[in-house]
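The values are calculated or read from the model by the stated rules, or taken from the named source; none is laboratory data. A quick note: this is a predicted structure, and the numbers were derived from the prediction, not measured. Every residue, glycine as well, gets a Cβ built from its backbone with ideal geometry; the counts of neighbours run over all protein chains shown.
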Amino acid sequence: MKGSFRHSEHNKKIDLIGLGNAIVDIIVNIEDEFLEINNLNKGSMNLINSDESQRLLENCKVIKQISGGSSANTVVCLAELGNHVQFIGRVKNDQFGNFFSDDIKKSKTIFNTPPTIEGASTAHSIILITPDAQRTMCTYLGASIEFEPKDIDFSALKESKYLYLEGYLWDSELAKNAFLKAAQIAKKSNTKIILSLSDSFCVDRHRESFLELIDNYVDIVFCNESEVLSLFKKDKLANCKGDLSSLCELVIVTLGSNGSIIINKNIIEEINSITKGKIIDTTGAGDIYAGGFIHGLINNYSLKKCGEIGSICSGQIITQLGSRSNIDFRELIKI
């Protein structure tokens with residue numbers, strides 16, 4: 001992994017395969033008081049059981065449902081930008097599972113993981129949006145916890161330029177095994193491996209094993225500032241520059257309204273944020289940024305242009321509810 005960044009191989013049939021939690025996002029508008037009553041910290045991601053999910057939904061009004069999950073959001077963004085992509089995630093043959101499958105396919109994302117008929121129900125995440133556009137997530141992981149190696153199409157993986165992995169999968173031992181098996185196959189197949197650190201609390205739980213995973217397999221890391229600080233146990237991003245430059249081949253750190261930075265060894269590129277209107281909902285902004293950025297990689301653009309495309313796409317998604325764009329991304333990035 002030494003030297004300048006190497007772009008993808010163009011002789012592979014699939015641009016990217018994403019592995020992740022197959023989750024139906026349930027978007028809800030609430031007031032700050034709702035968080036206080038339910039003892040929820042604003043901006044947090046909380047794991048809940050099915051009873052807690054039912055109780056929360058009984059006390060708020062659902063605005064929108066979307067096939068979501070971190071990796072799925074990134075994959076759909078890539079599909080909407082015209083790339084040939086596939087998502088692999090575990091759903092049950094139930095109402096949420098059928099919705100997820102039908103909805104994600106609308107973007108032309110390949111999704112052919114057979115639904116299970118036994119075990120936990122399909123995962124869903126209640127996304128509570130406060131008036132300041134902050135989102136607090138309460139997630140029931142359900143069937144996604146049971147994701148395992150047999151759910152993965154390894155033959156397709158060998159034909160993919162990129163494998164995209166979300167850190168949330170590391171919370172399940174079964175999914176972790178699938179994650180590692182996929183990484184091993186990808187590495188042998190010269191498929192570039194991308195890891196999203198997902199959440200600072202997720203990094204807190206798995207810091208050492210994440211660092212080991214990155215060292216052994218990962219080419220590209222996507223993260224935000226809080227995840228970086230957690231990973232290296234530092235209090236300021238400026239104190240992490242050396243760690244980031246030696247972490248792997250390419251590291252992209254999103255900084256919200258302060259844009260993003262791209263670290264390719266000792267070369268650092270700063271990208272400005274691009275907001276396309278009033279901020280309404282930050283759900284999936286980092287996922288969509290990653291989708292825009294990877295679109296640039298697939299097309300062999302400069303790292304700066306990759307970052308600008310990511311910024312344009314994420315700048316659009318935060319001006320609407322949910323992680324599916326109301327505007328054609330392909331037209332948007334031409335501007």
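List of remarks:
One line per residue, one yes/no per condition, for (1) crowded, with 23+ Cβ neighbours inside 10 Å; (2) without any contact (Cβ under 8 Å) to a residue 24 or more places away in the chain; (3) touching a Lys or Arg at 6+ places or on another chain (Cβ under 9 Å); (4) part of a loop (DSSP other than H, G, I, E, B):
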site: 262; (1), (2), (3), (4): no, no, yes, no
site: 268; (1), (2), (3), (4): no, no, yes, no
site: 276; (1), (2), (3), (4): no, no, no, yes
site: 280; (1), (2), (3), (4): no, no, no, yes
site: 289; (1), (2), (3), (4): yes, no, no, no
site: 301; (1), (2), (3), (4): no, yes, no, yes
site: 305; (1), (2), (3), (4): no, yes, no, no
site: 312; (1), (2), (3), (4): no, no, yes, no
site: 320; (1), (2), (3), (4): no, no, no, yes
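- Just one of the listed residues (201, 210) is touching a residue at least 60 places away in the same chain (Cβ under 8 Å) and aromatic (Phe, Trp, Tyr), and it is 201.
- The condition (being acidic (Asp, Glu), closer than 29 Å to residue 43 by Cβ and touching a Cys at 6+ places or on another chain (Cβ under 9 Å)) is satisfied by just one residue among 227, 212: 227.
- Within region 152-161, being touching a helix residue (DSSP H, G or I) at 6+ places or on another chain (Cβ under 9 Å) and surrounded by fewer than 23 Cβ atoms within 10 Å (Cβ to Cβ) holds for 152, 154, 157, 158.
- Scope region 33-68; condition part of a helix (DSSP H, G or I), among the charged types (D, E, K, R) and either touching a Lys or Arg at 6+ places or on another chain (Cβ under 7 Å) or closer than 30 Å to residue 16 by Cβ (or both); matching residues: none
- Of 230, 257, all but one fail to be without any contact (Cβ under 8 Å) to a residue 24 or more places away in the chain, assigned to a helix (DSSP H, G or I), out of contact with any Lys or Arg (no Cβ under 6 Å at 6 or more places or on another chain) and closer than 30 Å to residue 27 by Cβ; the exception is 257.
- Of the residues making up region 140-151, not a single one is on the phi > 0 side of the Ramachandran plot and surrounded by fewer than 21 Cβ atoms within 10 Å (Cβ to Cβ).
- Single residue of region 162-176 satisfying the filter (at pLDDT below 90 and touching a strand residue (DSSP E or B) at 6+ places or on another chain (Cβ under 9 Å)) that is surrounded by the fewest Cβ atoms within 10 Å (Cβ to Cβ): 171
- Filter result (crowded, with 22+ Cβ neighbours inside 10 Å and among the charged types (D, E, K, R)) within region 85-113: 90, 92
- The condition of being more than 14 Å from the chain's Cα centre (by Cα), surrounded by fewer than 23 Cβ atoms within 10 Å (Cβ to Cβ) and within 23 Å of residue 314 (Cβ to Cβ) holds for residue 82.
- Answer residue from region 288-326, given it is among the aromatic types (Phe, Trp, Tyr) and within 17 Å of the chain's Cα centre (by Cα) and is nearest to residue 83 (Cα to Cα) among those: 293
- The residue list 232, 201, 222 contains one member that is touching a Ser or Thr at 6+ places or on another chain (Cβ under 8 Å), closer than 15 Å to residue 253 by Cβ and not aliphatic (A, V, I, L, M), which is 222.
- When residues of region 190-225 are limited to those that are more than 15 Å from the chain's Cα centre (by Cα), part of a helix (DSSP H, G or I) and buried (at least 17 other Cβ atoms within 10 Å of the Cβ), the one modelled with the lowest pLDDT: 206
- Scanning region 233-251 for residues that are in contact with a helix residue (DSSP H, G or I) (Cβ under 6 Å, 6 or more places away or on another chain), in a loop (DSSP other than H, G, I, E, B) and farther than 18 Å from residue 194 by Cβ yields a single hit, 234.
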